[in-house]
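Q: This is the structure I want to talk about, given as structure tokens.
The values are calculated or read from the model by the stated rules, or taken from the named source; none is laboratory data. Just so it is clear, the structure is predicted and the values come from calculations on it, not from any experiment. Counting neighbours? That spans all protein chains shown, and the Cβs are built from the backbone with ideal geometry, glycine included.
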Protein chains: 2
Amino acid sequence: MVTGSELVRGERTDLNGPFLARSLLSVGLEPARIEVVGDDPGELETALRDALASADLVACSGGLGPTHDDRTVEIVAKVAGLELRIDEELEAQIEDVSRLVAERLKRPYADFAVGVRKQATLPSGAACLGLAGTAPGLVVDAHGTPIVVLPGPPAELQRLWPKALEVAAVRRVLDRGTPPLRRTLRFFGPGESQVAQAFQESGGDGDGLEVTICARDFEIHIDLVAEPAAEKRMAALESALGERLGRFLYSTDGRTVEELVLDRCRDRGFRMATAESCTGGLIAARLTSVPGSTDAIVGGIVAYANKVKVEQLGVAPELIDEHGAVSAQVAEAMARGARERLGVDVAVSVTGIAGPEGGTEEKPVGLVYFHAETPDGGHGSQFNFPGDRDSIRRRSVVASLHLVRRLLEQNRDGSV
Amino acid sequence: MVTGSELVRGERTDLNGPFLARSLLSVGLEPARIEVVGDDPGELETALRDALASADLVACSGGLGPTHDDRTVEIVAKVAGLELRIDEELEAQIEDVSRLVAERLKRPYADFAVGVRKQATLPSGAACLGLAGTAPGLVVDAHGTPIVVLPGPPAELQRLWPKALEVAAVRRVLDRGTPPLRRTLRFFGPGESQVAQAFQESGGDGDGLEVTICARDFEIHIDLVAEPAAEKRMAALESALGERLGRFLYSTDGRTVEELVLDRCRDRGFRMATAESCTGGLIAARLTSVPGSTDAIVGGIVAYANKVKVEQLGVAPELIDEHGAVSAQVAEAMARGARERLGVDVAVSVTGIAGPEGGTEEKPVGLVYFHAETPDGGHGSQFNFPGDRDSIRRRSVVASLHLVRRLLEQNRDGSV
């Protein structure tokens, strides 16, 4: 249960529900629902009662702050039928933290005192998980079902969550679950219907094996979750899918395409750079989001304006005049320019029309050209993506990374 | 209600719930809950019944595809007590689309036929909203409450949703709501406690005015939602907050910091570029995410490796040797280099330690230096961010954009 009016109104995307779901799944509990509710006390109470009606464990996030609309602890106490009282030891701890903050902000501590008292008020019997900022994480017993109460900011929630998994009441629930076997097959290229067909031909799921097929930015991920007894069945399905869709399969060990691109570069001691127009830095950002990427990626040029394509990447102005900035020729010149100017082995470029303006009949919104260069040669491709500006940019990032990955894998295998 | 095992298991972030919530809010309906559920038929049915128990309108997304785990239409029909039957006209339409796809994928149409029949099977009396890909959007009457059934891919959902708002059954619900007055005040700089205090001193909310305070990547957004009768009360609160927190207030009209930076550049005919190390392209990506940004941002250099800082941005190697790549001096040289090399008026740079590795006692993970340069002068800043790699990078993007914004606003006002 994730609380926050800004979340239920769609002004912010919830990260906590997905994080908690992944974590619970990995320890053998099946996430039944993620409920996002606002700060309205009535809605909060109903949602919490609905959750308690069927779940073995409830994890809540948000509403622990010092402000008036932070009501989670109060509602949890009400639903669990527990009294609220000030924990004086905790109050002293929160006061210490708040005095440091007050000092840093050059504000009197008095401004913080009310909030400190509020944050130190707990349902009786609650196990405290420690502080995240000034907010305590808690485990509360609601008539035998543990409710884990966590702060809203994702980094703070993620820090306190492992401590919740050690609390005896939570451990007792975990001991009832069995971590399932899991496997994710990642494909790039096939259509969703084609995957559905291959899945049916391979025998489908059932009998302790559950399969989810999920299309995402032109990738398709097949998620296999099996009870321990269905291990052989899972292996058989995986192998049957591999027979039918093997040429599209790029990852079976959870690695993402950006991780694979970096690893393929490392395999051959290559360094890499990007040359981006419509993606505006997203490809470089995706590659550098991987910790330790610094040994494979040196950086890139965001050549949004033509002037930058010419001056920083050495694209000939005549090429732009003749073919347009969005063309296979300019994509190739951008990749070659990045390789040369940044002194790297591998470069990938993107130029396209992300919209909503700028499309023509000949070159519509969604038309994107890609080019990758390696020491063994180069290769270009083009796509005509559906969707809005944001999804065209995201799909372009994915397509560009697969282009480099495939080129590096082909070169490695000696076949093109 | 958002369906998908990959969503409830946290493998993908839901974008549809937030989109639908924002849209409903803007037409006068208060979103009560966003429920994310898996593909399990029992869970789907319970969640749909819970939703129908209290809501005036239910919008569902996902589970309309051709694969075995797409069960939404079947469950909606069951809960609404309606028969399922094949709509032959619709089947012909879906077949036309599928034949084109089959041709493009060079696959026989027979592979698609089962999926086509499945997707053309509707609850009786359903209003069809048209196709997204091969999936029809629907409005189904569940004992007087309309259920809008939409495809899962966000771009497709967003295309069909406006059509749902025109269906008579949905219109009747909308006619009962009154669009509230809304206002978002965006602040950069104050602590959450400080804002809570200012809010209490300003009279708080209630009496038809609801206020949400939301901290996000070091920004604080105060969202005011008022019934039409509370218009004066909203204006009074806004003005009282402005008195107390005015120096941190940067936006009252919904514009984001990236939009403001672009607009401030446009005001003075400036062109801008970025020089990024630890953010790896995210600042350029954020600026170019705004449609029409091309008249203010030319691009940037992602100088992840020191070699790129030296060669592309002209940072003196001695500066790196003496102060380290993560230093105020190198940040300044990067911004000056970007301004000169890319021939722009305004440049902003970031260099820092995003972790998880690479921190030292003197320069810990989270230490980030910023520098902005304009024709009127430059300014640097530094932060020591808490959090993981991803949040350090996101906070760095926000901090860098505010640095440029403030420098451009100060220069404009003549005061520094």
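Q: Looking only at region B:260-283, decide whether some residue is without any contact (Cβ under 8 Å) to a residue 24 or more places away in the chain, under 30 Å from residue B:328 (Cα atoms) and crowded, with 22+ Cβ neighbours inside 10 Å.
A: yes
Q: A further question on this structure: Hey, does region B:20-41 have a residue that's modelled with pLDDT of 95 or more, assigned to a loop (DSSP other than H, G, I, E, B) and among the hydrophobic types (A, V, I, L, M, F, W, C)?
A: no
Q: Still on this model: Could you tell me whether residue B:11 is closer than 24 Å to residue A:206 by Cα, at pLDDT 90 or above and surrounded by fewer than 22 Cβ atoms within 10 Å (Cβ to Cβ)? Walk me through it before giving the result.
A: Working: closer than 24 Å to residue A:206 by Cα: yes; at pLDDT 90 or above: no; surrounded by fewer than 22 Cβ atoms within 10 Å (Cβ to Cβ): yes.
For residue B:11, the condition - closer than 24 Å to residue A:206 by Cα, at pLDDT 90 or above and surrounded by fewer than 22 Cβ atoms within 10 Å (Cβ to Cβ) - is not met.
Q: Working only within region B:45-59, note down all residues that are crowded, with 18+ Cβ neighbours inside 10 Å and at the interface with chain A (Cβ under 10 Å from one of its Cβ atoms).
A: Correct list: B:46, B:47, B:50.
Q: To continue, here is another question. Quick one: in region B:336-364, of everything that is modelled with pLDDT under 95 and either acidic (Asp, Glu) or more than 21 Å from residue B:392 (Cβ to Cβ) (or both), which residue is surrounded by the most Cβ atoms within 10 Å (Cβ to Cβ)?
A: By that ranking, first place goes to B:357.
Q: Does region A:316-335 hold any residues that are surrounded by fewer than 22 Cβ atoms within 10 Å (Cβ to Cβ), of a type in the set (A, V, I, L, M, F, W, C) and farther than 16 Å from residue A:360 by Cβ, and which are they?
A: Hits for region A:316-335 are A:316, A:319, A:328.
Q: Restrict the check to region A:152-159 and report whether at least one residue is among the charged types (D, E, K, R), in contact with a strand residue (DSSP E or B) (Cβ under 8 Å, 6 or more places away or on another chain) and at the interface with chain B (Cβ under 8 Å from one of its Cβ atoms). Explain how you work it out, then say what you get.
A: Within region A:152-159, the subset among the charged types (D, E, K, R) is A:156, A:159.
Filter once more, keeping what is in contact with a strand residue (DSSP E or B) (Cβ under 8 Å, 6 or more places away or on another chain): A:156, A:159.
When the remaining residues are screened for being at the interface with chain B (Cβ under 8 Å from one of its Cβ atoms), the result is none.
Scanning region A:152-159, I find no residue that is among the charged types (D, E, K, R), in contact with a strand residue (DSSP E or B) (Cβ under 8 Å, 6 or more places away or on another chain) and at the interface with chain B (Cβ under 8 Å from one of its Cβ atoms), so the answer is no.
Q: Output the residue which, of all residues in region A:66-120 that are of a type in the set (Ser, Thr, Tyr) and at pLDDT 85 or above, is nearest to residue A:40 (Cα to Cα).
A: Keep residues of region A:66-120 that are of a type in the set (Ser, Thr, Tyr), which gives A:67, A:72, A:98, A:109.
Among the residues that remain, those that are also at pLDDT 85 or above are: A:72, A:98, A:109.
On the way: A:72: 10, A:98: 27, A:109: 30 Å.
Once the filter is applied, the top-ranked residue is A:72.
Q: If you scan region A:100-114, which residues turn out to be in a helix (DSSP H, G or I) and farther than 10 Å from residue B:194 by Cα?
A: First pass over region A:100-114, keeping only residues in a helix (DSSP H, G or I): A:100-105, A:110-114.
Once the filter is applied, which keeps residues that are in a helix (DSSP H, G or I) and farther than 10 Å from residue B:194 by Cα, region A:100-114 yields A:100, A:101, A:103, A:104, A:110, A:113, A:114.
Q: Picking from A:238, A:259, A:243, which residue would you name as being touching a strand residue (DSSP E or B) at 6+ places or on another chain (Cβ under 8 Å) and over 25 Å from residue B:299 (Cα atoms)?
A: Details: A:259 fails: touching a strand residue (DSSP E or B) at 6+ places or on another chain (Cβ under 8 Å); A:243 fails: touching a strand residue (DSSP E or B) at 6+ places or on another chain (Cβ under 8 Å).
From the options A:238, A:259, A:243, the qualifying one is A:238.
Q: Could you tell me whether any residue of region A:296-319 is assigned by TED's automatic domain parsing to the domain that holds residue A:390, closer than 22 Å to residue B:289 by Cα, among the basic types (Lys, Arg) and out of contact with any Ser or Thr (no Cβ under 8 Å at 6 or more places or on another chain)?
A: yes
Q: All but one of (1) within 11 Å of chain A (Cβ to nearest Cβ); (2) surrounded by fewer than 17 Cβ atoms within 10 Å (Cβ to Cβ); (3) in a loop (DSSP other than H, G, I, E, B) hold for residue B:190; state the number of the condition that does not hold.
A: (2)
Q: Which one of these does residue A:17 not meet: (1) within 11 Å of chain B (Cβ to nearest Cβ); (2) closer than 30 Å to residue A:226 by Cβ; (3) small (Gly, Ala, Ser); (4) assigned to a loop (DSSP other than H, G, I, E, B)?
A: Of everything listed in (1) within 11 Å of chain B (Cβ to nearest Cβ); (2) closer than 30 Å to residue A:226 by Cβ; (3) small (Gly, Ala, Ser); (4) assigned to a loop (DSSP other than H, G, I, E, B), residue A:17 misses just condition (4).
Q: Considering only region B:365-387, how many residues are buried (at least 19 other Cβ atoms within 10 Å of the Cβ), more than 11 Å from residue B:352 (Cβ to Cβ) and within 14 Å of chain A (Cβ to nearest Cβ)?
A: Going through region B:365-387 one residue at a time, the tally reaches 1.
Q: Then there is this: Might you check whether a residue that is in the same structural domain as residue B:158 (by TED's automatic domain parsing), buried (at least 18 other Cβ atoms within 10 Å of the Cβ) and without any contact (Cβ under 8 Å) to a residue 60 or more places away in the chain occurs anywhere in region B:19-26?
A: Within region B:19-26 (the criterion being in the same structural domain as residue B:158 (by TED's automatic domain parsing), buried (at least 18 other Cβ atoms within 10 Å of the Cβ) and without any contact (Cβ under 8 Å) to a residue 60 or more places away in the chain), the answer is yes, since at least one residue qualifies.
Q: Just checking, does region B:229-242 include any residue being closer than 30 Å to residue A:108 by Cβ, within 12 Å of chain A (Cβ to nearest Cβ) and not hydroxyl-bearing (Ser, Thr, Tyr)? Show your work before the answer.
A: Of all residues in region B:229-242, those closer than 30 Å to residue A:108 by Cβ come to B:233-242.
From what's left, within 12 Å of chain A (Cβ to nearest Cβ): none.
Looking for residues that are closer than 30 Å to residue A:108 by Cβ, within 12 Å of chain A (Cβ to nearest Cβ) and not hydroxyl-bearing (Ser, Thr, Tyr), one finds none in region B:229-242, hence no.
Q: Another question about this same structure. Answer yes if at least one residue in region B:128-138 is more than 22 Å from the chain's Cα centre (by Cα), outside any strand (DSSP E or B) and in contact (Cβ under 8 Å) with a residue 24 or more places away in the chain, and no otherwise.
A: Step one: of region B:128-138, the residues more than 22 Å from the chain's Cα centre (by Cα) are B:128-138.
With outside any strand (DSSP E or B) added as a condition, the list becomes B:133-134.
Cutting the leftovers down to in contact (Cβ under 8 Å) with a residue 24 or more places away in the chain gives us B:133-134.
The answer is yes; a qualifying residue exists.
Q: Suppose we keep only residues that are more than 23 Å from the chain's Cα centre (by Cα) and among the acidic types (Asp, Glu) within region A:203-228. Which one would you say is surrounded by the most Cβ atoms within 10 Å (Cβ to Cβ)?
A: Pass one, region A:203-228, residues more than 23 Å from the chain's Cα centre (by Cα): A:203-209, A:226-228.
Pick out the ones that are also among the acidic types (Asp, Glu) and you get A:205, A:207, A:227.
Values: A:205: 20, A:207: 12, A:227: 15.
Ranking the candidates gives A:205 first.
Q: Looking at (1) of a type in the set (Asp, Glu); (2) in contact with a helix residue (DSSP H, G or I) (Cβ under 8 Å, 6 or more places away or on another chain); (3) within 18 Å of residue B:215 (Cα to Cα), which is the only condition residue A:6 fails?
A: Here residue A:6 clears every test but (2).
Q: Shifting gears a bit: Quick check on this structure: which one of A:286, A:268 is farther than 22 Å from residue B:300 by Cβ and either among the aromatic types (Phe, Trp, Tyr) or in the same structural domain as residue A:391 (by TED's automatic domain parsing) (or both)?
A: On the way: A:286 fails: farther than 22 Å from residue B:300 by Cβ.
After ruling out the rest, the residue left standing is A:268.
Q: Being within 14 Å of chain B (Cβ to nearest Cβ), touching a residue at least 40 places away in the same chain (Cβ under 8 Å) and within 23 Å of the chain's Cα centre (by Cα), is that true of even one residue in region A:163-175? Explain how you work it out, then say what you get.
A: Of the residues in region A:163-175, the ones within 14 Å of chain B (Cβ to nearest Cβ) are none.
No, the conditions are met nowhere in region A:163-175.
Q: Filter region A:299-311 down to residues that are buried (at least 24 other Cβ atoms within 10 Å of the Cβ) and within 7 Å of chain B (Cβ to nearest Cβ) and give me whichever is farthest from residue A:258 (Cα to Cα).
A: Filtering region A:299-311 down to residues buried (at least 24 other Cβ atoms within 10 Å of the Cβ) leaves A:299-304, A:308-309.
With within 7 Å of chain B (Cβ to nearest Cβ) added as a condition, the list becomes A:299-304, A:308.
Numbers: A:299: 14, A:300: 15, A:301: 18, A:302: 18, A:303: 21, A:304: 22, A:308: 26 Å.
Looking at the filtered set, the residue picked out is A:308.
Q: Here's a follow-up. Could you please let me know if residue A:340 is acidic (Asp, Glu), within 14 Å of another protein chain (Cβ to nearest Cβ) and more than 23 Å from residue B:283 (Cα to Cα)? Break it down stepwise before answering.
A: Values: acidic (Asp, Glu): yes; within 14 Å of another protein chain (Cβ to nearest Cβ): yes; more than 23 Å from residue B:283 (Cα to Cα): yes.
Answer is yes for this residue.
Q: Among (1) within 24 Å of residue B:296 (Cβ to Cβ); (2) of a type outside the set (Val, Ile, Thr); (3) within 13 Å of chain A (Cβ to nearest Cβ), there is one condition residue B:402 misses while meeting the rest; what is its number?
A: Failing condition for residue B:402: (3).
Q: Is it true that residue B:127 is of a type outside the set (D, E, K, R) and within 13 Å of chain A (Cβ to nearest Cβ)? Working first, answer last.
A: Working: of a type outside the set (D, E, K, R): yes; within 13 Å of chain A (Cβ to nearest Cβ): no.
No; evaluated as a whole, the condition is false for this residue.
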